[in-house]
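The values are calculated or read from the model by the stated rules, or taken from the named source; none is laboratory data. Since the model is a prediction, treat every value here as computed from it, not as a measurement. No Cβ is skipped: glycine too gets one built from the backbone with ideal geometry, and neighbour counts run over all protein chains shown. Please note that ligands, DNA and RNA were not included when accessible areas were found on the heavy atoms of the full protein model with its side chains. Shrake-Rupley method; radii C 1.70, N 1.55, O 1.52, S 1.80 Å.
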Amino acid sequence: MLSRIAPRASIVRRYLGTPTQTLYQFYSKALAAESLLEEGTVVTISDSLKRFEELVLEAPEYGRLHCGVAQCYMALAQRGARSSKEFVSRASEACKRAIAIDSNAIDAHSTFGCILAQEWNWKAAEESFRKALRLGDQHAAHRQFAQFLLIHSRFDESWKHFQIAEGMDPFSARQKSSIARFFYYSRWHREAKEYYARVMQYGPLPIEATLIRAFTEIQMGELKNAVALAQGVRRRVGTVQLYLATVAEIFALSNEMDQARSFTVSSGLLAEQASLSYFRKACLALALDEPARSLEFLSLSFKRKEAELPWIAADPRFDKIRGDATYQSIVRAVL
């Protein structure tokens, strides 16, 4: 609770001053917007962004609000948005404003590290994360740095920061999704089983974490479990193509290929007008055993500098094409 509601303004956090009237006035509204962001679905993140942008107009000198705007844009960019490059640019503008207001804000520097990573500026990104953590401990900063390390398959270092983040906020939906991704990418299956057995005691996993867990079940040969998880998500997400595409992937990788192909066509998931990034389309095409088409989508993703593309090296879904020259050239260019 303290990790979520503690003041973010460095002058207050470091006991160098008292909260301003603006902070008192907008503090509860900032927490409400952050709560929506924390839920981590496309709908709630969009709602959170709308609230943050409205609050920024009322309190332009409150840095936490600008940081919230930046985090929302980054979250949407990472969830299959076709305009992810534009979202990253908007996030950068908001984050720079937050840092200008408070140069010692932990969350502003860690969020800026995420932005630099999406711009493939790896050295500067790591420096930004480390600066954030030198300023103090914050669960989001540790989680974001852990994800940066995961991109580079630095699993032991990544796990260390994930553990710190979970210790500070074990109920975080974004934390659960990030740890699910860690177990899938690292292939730490024994630890994954132990984690899910423990965390499920506190309620169902968020949608994103459930889908990533299904991929881990596939890795472990538990195809029926993966299909059951995907079917459960399908009933919850309506017509949101981002989630439907991942459900179709899971069906395909679980040997339900006919169902996956039918679902892909009926939902228009690989159509040009589909509201999915080329990266997401590449993942689905590869699951449907269309490697040539997948590589075409990856090339388009590279040209558009999509926000999700840095995951390409660590993501097990690309194991099938790791020996391909096009794939390898993209990995070298990105990382």
Quiz prompt | Karplus-derived 3J(HN,Hα), 6.51/-1.76/1.60, for each residue of the range 92-101, Hz, glycine and proline x | solution = 4, 4, 5, 5, 4, 5, 4, 5, 5, 6
Quiz item: When the solvent-accessible surface of protein heavy atoms is calculated with a 1.4 angstrom probe, in what order do ILE218, ILE45 fall, highest first?
Solution: ILE218, ILE45
Quiz item: Over the heavy atoms of PHE171, what accessible area does a 1.4 Å probe trace out, to the nearest 10 Å²?
Solution: 130 Å²
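What accessible area per residue comes out for the range 138-291, rounded to a whole number of Å², with a 1.4 Å probe?
Per-residue accessible area for the range 138-291 comes out at 40 Å².
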Exercise. Take the Cα atoms of the range 16-69, build their convex hull, and give its volume per residue in Å³.
Key: 71 Å³
Quiz item: What is the P(r) of the range 79-203, as percent of Cα-Cα pairs per 10 Å bin from 0?
Solution: 13, 41, 33, 12, 1
Quiz item: What is the log10 of I(q)/I(0) for the chain, computed with the Debye formula using one identical point scatterer on each Cα and no solvent, at q = 0.10, 0.11 Å⁻¹?
Solution: -0.57, -0.70
Self-check item: Highest-MSF residue in the chain out of ALA32, ALA173, ALA98 [GNM, Cα springs under 10 Å]
Solution: ALA32
Quiz item: From the phi of every residue in the range 285-299, what ³J(HN,Hα) in whole Hz does the Karplus formula 6.51 cos²θ - 1.76 cosθ + 1.60 yield, where θ is phi - 60° and glycine or proline is x?
Solution: 4, 5, 4, 7, 6, 10, x, 5, 5, 4, 5, 4, 5, 4, 5
Exercise. Mind ranking HIS189, HIS161 by accessible surface for me, highest first, 1.4 Å probe?
Key: HIS189, HIS161
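Net charge around PRO316, counting only other residues with Cβ within less than 14 Å of its Cβ (Lys, Arg = +1; Asp, Glu = -1)? Each step should come with its number before you reach the end.
Details: positive: ARG181, ARG187, ARG213, ARG317, LYS320, ARG322; negative: GLU217, GLU249, ASP315, ASP319.
After counting each charged neighbour, the total is +2.
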Quiz item: Over all Cα pairs of the range 209-335, how is the pair count split among 5 Å bins, expressed in % and running from 0 up to the last occupied bin?
Solution: 2, 12, 22, 24, 20, 14, 5, 1
Quiz prompt | Residue-level accessible surface for TRP120, protein heavy atoms, 1.4 Å, Å² | solution = 50 Å²
Quiz item: Hey, rough spin-label estimate for LEU2 and GLU290, points 7 angstrom out along Cα→Cβ, what's it come to in nanometres?
Solution: 5.3 nm
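How much mean residue ellipticity at 222 nm does the chain get from its helices, if each DSSP H run of length 4 or more adds -39500 (n - 2.57) and you divide by all residues, to the nearest 500 deg cm²/dmol? Intermediate values should be presented prior to the final figure.
Working: 19 runs with 238 residues, N = 335.
Result for the chain, helices only: -22500 deg cm²/dmol.
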Practice problem: State, in angstrom, two size descriptors of the range 32-152 derived from its alpha carbons: Rg to one decimal place and Dmax to the nearest whole number. | Solution: 13.2, 40
Quiz item: Tell me, what ³J(HN,Hα) does each residue in the range 104-120 have, in order and in whole Hz, if you take phi through Karplus 6.51 cos²θ - 1.76 cosθ + 1.60 with θ = phi - 60° and put x for Gly and Pro?
Solution: 10, 6, 4, 5, 5, 6, 5, 5, 5, x, 4, 5, 4, 5, 6, 8, 6
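Per residue and in cubic angstrom, what volume does the convex hull of the Cα atoms of the range 96-142 have? Intermediate results must be reported in sequence, preceding the final value.
Values: hull volume 2.8 nm³, N = 47.
Convex hull of Cα atoms, per residue: 60 Å³.
Give, as a single signed number, the net charge of other residues whose beta carbon lies under 15 Å from the beta carbon of TRP188, with Lys and Arg counted +1 and Asp and Glu -1.
Details: positive: ARG154, LYS160, ARG181, ARG187, ARG190, LYS193, ARG198, ARG213; negative: ASP156, GLU157, GLU166, GLU191, GLU194, GLU217.
Here the charged neighbours net out to +2.
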Quiz prompt | Value of D in µm² per second that Stokes-Einstein yields for the range 140-216, Kirkwood Rh from Cα pairs, at 20 °C (1.002 mPa s) | solution = 176 µm²/s
Quiz item: Quick one: what Rg and Dmax do you get for the range 166-205 from the alpha carbons, in Å?
Solution: 9.7, 25
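What do you get for Rg/Rh over the range 171-275 if you use C-alpha atoms and the Kirkwood form of Rh? Write down the numbers at each step before the final one.
Working: Rg = 13.8 Å, Rh = 14.1 Å.
That ratio equals 0.98.
Please arrange HIS139, HIS152 by accessible surface area, largest first, computed with a 1.4 Å probe and ligands excluded. Could you put the intermediate results ahead of the total?
Working: HIS139 15, HIS152 55 Å².
Correct descending sequence by accessible area is HIS152, HIS139.
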Quiz item: How much net charge surrounds LYS305 when only the other residues with a Cβ under 13 Å from the Cβ of LYS305 are counted, with Lys and Arg +1 and Asp and Glu -1?
Solution: 0
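If I compute solvent accessible area with a 1.4 Å probe over the protein chains, what percent of it on the range 67-195 is carbon and sulfur?
On the way: 2340 of 4760 Å².
Carbon with sulfur: 49 percent of the solvent-accessible area.
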